[in-house]
Amino acid sequence: MEAVAASAVPDDFFHSSFEQFYALTDCLKSPQARAMDFSDLEKKIELESRELKRRLLQDHLNSRGSGDIGDSVSGSDQVKRSHQRERERGVTSLFGEVRVERLGYSAHGVSSLFPKDAILNLPEDSFSHGVRRAVAIEASRGSFDEVRASLERATGLEIGKRQAEELSRKAAQDFYSFYEQGCTAETISAVKALPLQILSVDSKGIVMRHEDLREATRIKAEGAEHKLSKRISRGEKRNAKRMATVAALYSIDEFVRRPEQITGGLAPVAPLGLMKSPRPVAKRVWASLEREQDQVIDDLIAAAIERDPQSRKQWVCLVDGDRKQLRRLRRAAKKQGTRITLVLDIIHVIEYLWKAARVFHEETSRDCEDWVTKRLLEVLRGNSSHVAAGMRRSATLRGISSAQRKPVDTCAGYLLNNAPYLRYQEYLAAGFPIATGVIEGACRHLIKDRMDLTGARWSLEGAEAVLKLRSLRSSGDFDDYWTFHERQEHTRNHKSRYAKPSALNKLKLTVVK
């Protein structure tokens, strides 16, 4: 079939789009195209289709008129703007730059209003919300250099590294407002039948620019003396990090186990691996550098209350033994009038046991492994105090020096100091989780995998924005957030500037005749 001649293209607003489409089909019918392999054809169509999509968008915008809503319009400042003048602006879309012709309403001494901008929900700067969304997703995945490269590959757009960081900050600005709406009906329904609500808090350091360190850390960094003039010596990277607080919240079914199933093989019971463990439901994770740990814990308790306002579930909070964190959790729970069972993460206990075991046995020996396994079993049975006393007594009887036995005394002190949170025999019988796998995974995914890049030093605003965007995606909330964010943008940039925003509705179906 012969290509349709350009003169046969319909003479309407989409003339330019049809022209590009027919030009592309003509190209694909040419001898040069017939000589291309599949890969070259893909590249050709990909590149040419960007221009087709840009023209489709441009033609549609032209068909929407100039935004004429009458002789005058009043702003939220109650000033009537009656002077009319058409002005053009550019918008960088996912398909390239388009031009928007719109009518502006102005008056002396006040800013102009552009109703067409409002009905299209155009951003204040030149980048469309589609471009902003793409940047937000890519910024949550990799470095800002990778954001630029990825966007150019996918769309052909070129943006600067500084622009990418700025767009990320703007994209994340409605994070807290989004969650202040409360949890969705879907979340309430998903967790309704589950008896356990699990909370967890942890901290992870991020290397910061000097000016964005917390004051105490910055003062220490300023007072540090370097041993060498041309390189940093071992230990001199301290005081370069700012601690981010990481929080996790989810619901889960009970999973009753016995201590022997945790340690494995010491009693004739079914191995834990053969039992189907429940999965976390409605998991939400987030992290913050700006907010202090107290604030994040308050946010965590508030989010848990939203999911379980009547306190019908058993609340369990997995902790790592940090004394300040424990005090803050107890204080926050008391302030909110909630009851939480604090459980010390068993993985931390195991790490301390391994360090103590190396005092008595070779690290890679079977004896070392057996020593840890037997004492872990006793800890899980609720005998942590006996384990602490036993390892200290053993070190004394063997005549081990104070310096050599330090890991033993540290482990014993850890067990004794955290005894109220080591009632594992009760936790296992009640079906509670006893390991902080979710929060550890959140620390790794939210922070280490993205923020711990070699040589990277973060600004506070840039790091906070990336943490928020990664948190939204990890929690499965990004799409809902973006819908909310665009509504907030419309209110900020447009709706709040009009005395009668309802007057804009007449533009929705306007088409130039």
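From the list L344, L428, the one residue that fits, being under 26 Å from A247 (Cα atoms), open to solvent by less than 10 Å² (accessible area, probe 1.4 Å) and touching a strand residue (DSSP E or B) at 6+ places or on another chain (Cβ under 8 Å), is L344.
Output yes when any residue across the stretch 480-501 is surrounded by fewer than 14 Cβ atoms within 10 Å (Cβ to Cβ), farther than 30 Å from Q78 by Cβ and modelled with pLDDT under 90, and no when none is. There is no residue in the stretch 480-501 that is surrounded by fewer than 14 Cβ atoms within 10 Å (Cβ to Cβ), farther than 30 Å from Q78 by Cβ and modelled with pLDDT under 90. For R392, the criteria (1) open to solvent by less than 40 Å² (accessible area, probe 1.4 Å); (2) closer than 16 Å to K355 by Cα; (3) basic (K, R) hold in every case but one, which is (1).
Look at G109 and say whether it is within 33 Å of the chain's Cα centre (by Cα) and modelled with pLDDT under 95. Give the derivation first.
On the way: within 33 Å of the chain's Cα centre (by Cα): no; modelled with pLDDT under 95: yes.
So G109 fails the test.
Among the criteria (1) free of Cβ contacts under 8 Å to residues at least 24 places away in the same chain; (2) farther than 29 Å from Y427 by Cβ; (3) not basic (K, R), the one I400 does not fulfil is (1).
Counting just the residues of the stretch 303-321 that are touching a residue at least 60 places away in the same chain (Cβ under 8 Å) and in a loop (DSSP other than H, G, I, E, B), which one comes out nearest to V438 (Cα to Cα)?
Looking only at the stretch 303-321, we keep the residues that are touching a residue at least 60 places away in the same chain (Cβ under 8 Å), and these are 303-304, 306-308, 313-321.
Still in the running and in a loop (DSSP other than H, G, I, E, B): 308, 313, 320-321.
Values: D308: 20, K313: 19, D320: 13, G321: 17 Å.
So the residue we want is D320.
Within the stretch 368-389, how many residues turn out to be open to solvent by 90 Å² or more (accessible area, probe 1.4 Å) and touching a helix residue (DSSP H, G or I) at 6+ places or on another chain (Cβ under 8 Å)?
Counting residues in the stretch 368-389 that are open to solvent by 90 Å² or more (accessible area, probe 1.4 Å) and touching a helix residue (DSSP H, G or I) at 6+ places or on another chain (Cβ under 8 Å) gives 2.
Considering the stretch 1-25, the residues that are farther than 30 Å from G65 by Cα and either open to solvent by 60 Å² or more (accessible area, probe 1.4 Å) or within 44 Å of the chain's Cα centre (by Cα) (or both) include one that is modelled with the highest pLDDT, namely T25.
For the stretch 88-127, the set of residues classified as surrounded by fewer than 21 Cβ atoms within 10 Å (Cβ to Cβ), small (G, A, S) and within 19 Å of E158 (Cβ to Cβ) consists of G90, G96, S126, listed by residue number.
Just give me the residues in the stretch 329-341 being hydrophobic (A, V, I, L, M, F, W, C) and either open to solvent by 100 Å² or more (accessible area, probe 1.4 Å) or outside any helix (DSSP H, G or I) (or both), in sequence order.
Of the residues in the stretch 329-341, the ones hydrophobic (A, V, I, L, M, F, W, C) are 329, 332-333, 340.
The answer is I340, and nothing else.
Among residues belonging to the stretch 355-386 that are among the aliphatic types (A, V, I, L, M) and more than 18 Å from G264 (Cβ to Cβ), point out the one that is nearest to the chain's Cα centre (by Cα). Ranking the qualifying residues of the stretch 355-386, first place goes to A356. Among (1) touching a strand residue (DSSP E or B) at 6+ places or on another chain (Cβ under 9 Å); (2) at pLDDT 95 or above, which single condition is A333 missing? Going through the list (1) touching a strand residue (DSSP E or B) at 6+ places or on another chain (Cβ under 9 Å); (2) at pLDDT 95 or above, A333 breaks only (2). Inside the stretch 124-134, can you point out the residues that are assigned to a loop (DSSP other than H, G, I, E, B) and either of a type in the set (V, I, T) or touching a strand residue (DSSP E or B) at 6+ places or on another chain (Cβ under 7 Å) (or both)? Across the stretch 124-134, the qualifying residues are S126, S128. In the stretch 150-163, the condition of being free of Cβ contacts under 8 Å to residues at least 40 places away in the same chain, more than 17 Å from L94 (Cα to Cα) and not acidic (D, E) is met by at least one residue.
Here's the yes/no breakdown for (1) more than 22 Å from R102 (Cα to Cα); (2) in contact (Cβ under 8 Å) with a residue 24 or more places away in the chain; (3) assigned to a helix (DSSP H, G or I); (4) open to solvent by 50 Å² or more (accessible area, probe 1.4 Å):
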{"residue": "C27", "(1), (2), (3), (4)": "yes, no, yes, no"}
{"residue": "Q32", "(1), (2), (3), (4)": "yes, no, yes, yes"}
{"residue": "D40", "(1), (2), (3), (4)": "yes, no, yes, yes"}
{"residue": "E48", "(1), (2), (3), (4)": "yes, yes, yes, yes"}
{"residue": "K53", "(1), (2), (3), (4)": "no, yes, yes, yes"}
{"residue": "I69", "(1), (2), (3), (4)": "no, yes, no, no"}
{"residue": "S74", "(1), (2), (3), (4)": "no, yes, no, no"}
{"residue": "D77", "(1), (2), (3), (4)": "no, yes, no, yes"}
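Got a sec? Which helices (runs of 4 or more DSSP H) wholly within the stretch 135-250 have at least 1 residues that are buried (at least 17 other Cβ atoms within 10 Å of the Cβ) and at pLDDT below 90? Before you say what the answer is, go through the steps one by one.
Values: elements: 144-155, 161-171, 175-180, 185-191, 215-223.
Counting at least 1 such residues, we get 144-155, 215-223.
Since N418 meets every condition but one in (1) within 35 Å of the chain's Cα centre (by Cα); (2) open to solvent by 40 Å² or more (accessible area, probe 1.4 Å), which condition does it not meet? Only one criterion in (1) within 35 Å of the chain's Cα centre (by Cα); (2) open to solvent by 40 Å² or more (accessible area, probe 1.4 Å) is unmet by N418, namely (2).
Applying the set (1) of a type in the set (G, A, S); (2) surrounded by fewer than 20 Cβ atoms within 10 Å (Cβ to Cβ); (3) farther than 21 Å from R162 by Cβ to G130 leaves exactly one unmet item: (3). The residue of the stretch 123-143 that is farthest from E489 (Cα to Cα), among those that are hydrophobic (A, V, I, L, M, F, W, C) and free of Cβ contacts under 8 Å to residues at least 40 places away in the same chain, is V135.
The values are calculated or read from the model by the stated rules, or taken from the named source; none is laboratory data. If you're wondering where the values come from, they're calculated on a predicted model, not measured in any experiment. Counting neighbours? That spans all protein chains shown, and the Cβs are built from the backbone with ideal geometry, glycine included. What goes into the accessible areas is simple: the full protein's heavy atoms, side chains included, and nothing from ligands, DNA or RNA. Shrake-Rupley method; radii C 1.70, N 1.55, O 1.52, S 1.80 Å.
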